[in-house]
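To keep things clear, I will list the structure first and then write my remarks on it.
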Amino acid sequence: MKYPIIKNYINGQFVTVTSSPRTLDVVSPLDGNKLSEVPMSTGKDLNEALLAAKAAFPSWSRTPIKERVQIFFRYRSLLEKNLKELAELCSEENGKTYSESVAEVEKSIELTEFATSLPQLVTGEILEVSRGVECRTEHVPLGVVASIVPFNFPNMVPNWTMPNALALGNCMILKPSEKVPLSCVRLAELLKEAGLPDGVLNIVNGDVEIVEAICDHPDIDAVSFVGSTKVAKIVYQRATSHYKRCLALGGAKNHLMVLPDAKPEMTAQNVAASMSGCAGQRCMAASAMVAVGNVDHIIDKICIEARKIVPGVNLGAVINKESQHRIERYITEAEKAGAKILVDGRNIKVPGKEGGTYVGPTVIDYVRREMSVAKEEIFGPVISIMRTNTVDEALAIENANPYGNAASVFTQNGGMARYIIDHASAGMIGVNVGVPVPREPFSFGGWNESKFGVGDITGKSSIEFWTKLKKSTTKWNPEAGVNWMS
């Protein structure tokens, strides 16, 4: 075991979990080696974290935001200083390539930069509404909030929520994925080094028991969640049934529409990168391609690009054997149902890393709408190609999909691109972009069954989620006597 047993982080200290003997192994998908063990905390541990957070909240929330964000200026510098170490750790516990992990930490830096700009964005408004009478609004923190994060981005997704929520004056309970808890440990250490007061951030490790306890606890005012749609629905329903705010991001089935006039080389490179990046384990991955008309020449090039992506070289591992077997099962079922496997990523073994869990890039053609690979989130480096004659047929396929994270079109026709932007049912649209993730300050968030709750989790939209609006009216003109203010 390379690392010590994971501990919870409560009131600025790493503490051993004694409430339960249960632990889970943390295994590297790269080679199957055991990295650590993570404890399964109980409600007792959550209560201890909440006591620390509630005690820290009065002082932290009253600290001027200009002072709070100074910590995140320092945190940003520490992320930059420790980028190599953070990227190696991310790759080790998640299985993605080193370069992908570097990009993830760089995105964390960008997210933190946005948090440092919050004093300029939450200034509120003031207006003299009558002689001697002013109305004013200001954003105030909610209290103690919780963030439940997934395995696929161990560094970035915690930083979707921590910098903004904390800079806005909240205290937080962070629940990492039990599959990848190591990165959150390091982030907590860096925030403490940056000067974050004890109790403002607390980490409680565990599984479904802690998630349920977070949703139920009356002292938690808001919950953010990122994971599968199935679980996102459960978290949203359970948290809101206890009258707390919830923003739960779920899965996706993102469609790329490829038109005959698309640039072949650029399209092929973008499609292959989109479907295989992070081994396809991202909610913005291209999972379905709709070929409009005759685009066989582009599909041929996509296959060429896919074959350049080599597991263990420029393609990382999927998270565990269960995921590996599930992804391969989807491919086999499609083949048995009549689809054509153009590039096959099953039964991959990487020399020297035989214990790793790898699936190679897979391109499946002649997929029909009713097949599982056409409808369900695979979460692997697999793209399913469906064929249509018109753009409206392609849009009908995209709109029938219950998810709504992203959709993209590859074309050189501006009018057609605008038509698809207007008619695709997705929260994030790309034109000649395979992964249409907005950059800060624009927010991340999908539609339909990819998101439950109001607003987005990053960018300006997140301000409304992490704060409540206080309105005050003042009158300093007693000579006015009785008026509308009375």
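Every number in this text was worked out from the coordinates using simple rules, so none of it is lab data. Source: prediction; values computed, not measured. Every residue, glycine among them, receives a Cβ derived from its backbone with ideal geometry; neighbour counts consider all protein chains shown.
Details
- Cα-based shape type of segment 236-322, given that a ≥ b ≥ c are square roots of the gyration tensor eigenvalues and the cut on a/c is 1.5: oblate
- Percentage relative contact order, segment 236-355, counting C-alpha pairs under 8 Å, at least six apart: 23
- 3J(HN,Hα) along segment 364-375: 10, 9, 6, 7, 9, 4, 7, 6, 4, 5, 7, 10 Hz, from the Karplus curve 6.51 cos²θ - 1.76 cosθ + 1.60 with θ = phi - 60°, whole Hz, x for Gly and Pro.
- 13 Å beta-carbon shell around His325, net charge (K/R +1, D/E -1): +1
- Assuming charge only on the beta carbon of Lys and Arg (+1) and of Asp and Glu (-1), the dipole of segment 254-431 about its Cα centre is about 460 debye to the nearest 20.
- Cα Rg, Dmax, segment 181-337, angstrom units: 20.9, 61
- Size descriptor for segment 202-286, Kirkwood hydrodynamic radius: 15.4 Å (Cα pairs only, one decimal).
- Estimated vicinal HN-Hα couplings, Hz - segment 93-109 in sequence order (Karplus 6.51, -1.76, 1.60; Gly, Pro = x): 8, 9, x, 6, 5, 4, 5, 5, 5, 4, 4, 5, 5, 4, 5, 4, 5
- Gyration tensor verdict on segment 1-122 (Cα atoms; rounded if a/c is under 1.5, prolate if a/b is larger than b/c, oblate otherwise): oblate
- Modelled this way, with points 7 Å down the Cα-to-C-beta line, the labels at Glu464 and Lys233 are 2.5 nm from one another.
- Each residue, Val140 and Asp261, gets one label point 7 Å from its Cα in the Cβ direction; the gap between the two is 5.6 nm.
- Approximate spin-label separation Glu113-Val129, in nm, with each point projected 7 Å along Cα-to-Cβ: 3.9
- In a fully extended conformation the segment linking Lys308 and Ser77 would gain 79.6 nm over its present Cα-Cα distance, using 0.36 nm per residue.
- For Phe410, distant residues with modelled amide H under 5 Å away: Met257, Val258, Leu259, Asn432
- In degrees, nearest ten, helix 43-62 long axis to first principal axis of the chain (Cα): 60
- Stokes-Einstein D in µm²/s, Kirkwood radius over Cα pairs - the chain at 10 °C with 1.306 mPa s viscosity: 67
- Sparse packing (at most 14 other Cβ atoms within 10 Å of the Cβ) combined with a DSSP loop state is found for the following chymotrypsin sites (Phe, Trp or Tyr not before Pro) in segment 224-278: Tyr243.
- Measuring max minus min along each principal axis, the C-alpha atoms of segment 254-431 give extents of 51, 30, 29 Å (largest first).
- For the chain, the relative contact order works out to 18 percent when only alpha carbon pairs closer than 8 Å and six or more residues apart are counted.
- For Lys475, no lysines have a Cα closer than 21 Å to its Cα, not counting residues fewer than 8 places off in the same chain.
- For segment 108-266, projected area of the alpha-carbon convex hull averaged over all directions, nm²: 15.2
- Integer Hz, Karplus 6.51/-1.76/1.60 couplings in order for segment 303-317, x for Gly and Pro: 5, 4, 5, 4, 6, 7, 8, 10, x, x, 10, 10, 9, x, 8
- Rounded tilt (10° steps) of 182-194 against the dominant C-alpha axis of the chain: 40
- Cross-linked pairs Lys44/Lys460; Lys301/Lys340; Lys321/Lys375; Lys54/Lys244; Lys2/Lys44: Cα-Cα separations exceed 26 Å for Lys44/Lys460; Lys2/Lys44.
- MRE, 222 nm, helices only [DSSP H, n ≥ 4, -39500 (n - 2.57), over the chain, to nearest 500]: -12000 deg cm²/dmol
- For segment 70-153, the convex hull drawn through the C-alpha positions has a volume of 126 cubic angstrom per residue.
- Debye equation applied to the C-alpha atoms of segment 391-444, log10 I(q)/I(0) at 0.12, 0.23, 0.30, 0.31 Å⁻¹: -0.26, -0.89, -1.28, -1.32
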